[in-house]
Amino acid sequence: AASPGDVATLTARYAGKKGELSGLKKQLGSLESIDDKKAAGAAINEAMAAVDAALDAQRTTLAAAATAARVESERLDLTEYVGKPARGHAHLVTQAWERLEDVFVGMGFRVAEGPEVETDWHNFEALNMGAGHPARGEFDTLFVDHVAPGGTSGSTVLRTHTSPVQIRTMLAQEPPIYIVAPGRVFRRDTPDATHMPVFHQIEGLVVDRDISMADLAGTIDAFTKAFFGQNWNSRLRPSYFPFTEPSAEFDIQRPDGSWIELGGCGMVHPNVLTAGGIDPEEFSGFAFGFGIDRMAIMRHGVADIREMFADDLRFTEQFS
Ligand code: FA5
């Protein structure tokens, strides 16, 4: 019997009520002597027991074979996990972000944060850019279709820079303030070798007594050497931001000698201190905002910022 079906057929044929052995039992009456009947009856019973045992044994064997076949067919091939699994690592931007935090925490700064969805007031107004200020146009703002309580339509934005964290920090704590605020920012910029529509900045804010432009320049120089290396060159170039006065742009030199702009900085404008609830007669401060993505490509000699977001493992695996 090669299958359970065969076993069932044989069971019916030999062991069933209408089977051959039962048929022999019925013929016992035709035997003459009692002794013959007894002997034949015993022989038939013995044969029935033997047939039952054989059928049972074959049923067990076939069931075991069926289980083994099923287990084999359901077996999971785990061989691809054998060996040393590949270890992942932080993204290049995250690595730069964490390194920047380390450098600034080492210089005595605390890490602060703010929301990515901001009010127009924190993102522009409190930073000395009232409605209609021409500088607003330089930030290609993405608006959120949401009206905050007490706000008007169009007054909720995806923050265009990390500078609103300056305002939130000033409103939340008294000077002295020494914070950095890394985070994600959004602009309607077309991607190219140095621009992404979603990118990262790190804001810095110091508010204390007698803070001067020399403190700002010294901090940026110390930061440049700590982040990039002792022999990297940087420069401050006079510039304009509504929220700082005077303002400067911070550039760093690439290995090929060309300069790339990393961020803006300056002395916190008195109007901004006032919006933050701080008396500009008593305190002064400086602020900066650098592009983290640009720092990452500069440090690693990556030619195009878009490479970092293409999710090509051949690229990312080089920066473990
Ligand atoms: C600002 O965003 C100011 N909030 C910086 C600032 C802070 C000035 C505090 C003074 C005081 P700006 O728009 O220049 O400035 O952007 C700052 C840096 O972000 C740029 O120098 C650049 O490194 C980076 N950046 C700007 N746009 C992009 C972009 N589309 N993709 C990648 N990085 C960008």
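Here the Karplus curve 6.51 cos²θ - 1.76 cosθ + 1.60, taken at θ = phi - 60°, turns the phi angles of region 303-315 into couplings of 6, 9, 4, 5, 4, 5, 10, 7, 6, 9, 4, 4, 7 Hz, with x standing for Gly and Pro.
Evaluate E = 1/(1 + (r/R0)^6) for Val144 and Asn231, where r is the Cβ-Cβ distance and R0 equals 41 Å; express this FRET efficiency to the nearest 0.05. Can you show the working numbers first?
Details: r = 44 Å, r/R0 = 1.08.
Calculated transfer efficiency: 0.40.
Classify the chain: rounded, prolate or oblate, from the alpha-carbon gyration tensor (a ≥ b ≥ c, eigenvalue square roots; a/c under 1.5 rounded; otherwise prolate if a/b is larger than b/c)? Cα axes put the chain in the prolate bin.
The lysine pair count for the chain, using Cα distances under 29 Å and pairs eight or more places apart or on different chains, is 11. Among the trypsin sites (Lys or Arg not before Pro) found in region 41-112, those both in a DSSP coil and sparsely packed, with 12 or fewer other Cβ atoms within 10 Å of their Cβ, are Arg75, Arg87.
Heavy atoms of the protein chains alone define the surface here; on that basis region 267-310 has 37 Å² accessible area per residue at 1.4 Å probe size.
How many Å² of accessible area per residue for region 79-179, probe 1.4 Å? Each step should come with its number before you reach the end.
Working: 5720 Å² over 101 residues.
Per residue, region 79-179 has 57 Å² of solvent-accessible surface.
Measuring spread by the Cα atoms of region 162-203 yields a radius of gyration and Dmax of 13.4, 41 Å.
Inter-label distance, His91 to Ser22: 7.6 nm, where each label sits 7 Å from its Cα along the C-beta direction. Under the simplified labelling scheme, the Phe319-Trp259 pair shows an inter-label distance of 2.5 nm, with each label point 7 Å from Cα along Cα→Cβ.
Computed over protein heavy atoms with a 1.4 Å probe, the carbon and sulfur contribution to the accessible area of region 15-150 reaches 57%. Each Lys and Arg Cβ is given +1 and each Asp and Glu Cβ -1; about its Cα centre, region 224-280 then shows a dipole of about 200 debye.
Among all helices in the chain defined by DSSP H, which have a length of 30 Å or more along the axis from Cα atoms plus a Kyte-Doolittle mean of at least -0.5?
Numbers: long enough: 34-73 (58 Å, 0.19).
Membrane-span-like by this criterion, though nothing is claimed about a membrane: 34-73.
Exposure here means at most 10 other Cβ atoms within 10 Å; with GluC sites (Glu not before Pro) in a DSSP loop as sites, the longest stretch of the chain lacking them is 75-280. Qualifying trypsin sites (Lys or Arg not before Pro) in region 168-247, where qualification requires a DSSP coil assignment and no more than 13 other C-beta atoms within 10 Å, comprise Arg188, Arg209.
The values are calculated or read from the model by the stated rules, or taken from the named source; none is laboratory data. Because the structure is predicted, anything quoted here is derived from the model rather than measured. FYI the Cβ positions are ideal-geometry reconstructions off the backbone, even for glycines, and counts take in every protein chain you see. The protein model used for the area step is the full one, side chains on, heavy atoms only, and it has no ligands, DNA or RNA in it. Shrake-Rupley method; radii C 1.70, N 1.55, O 1.52, S 1.80 Å.
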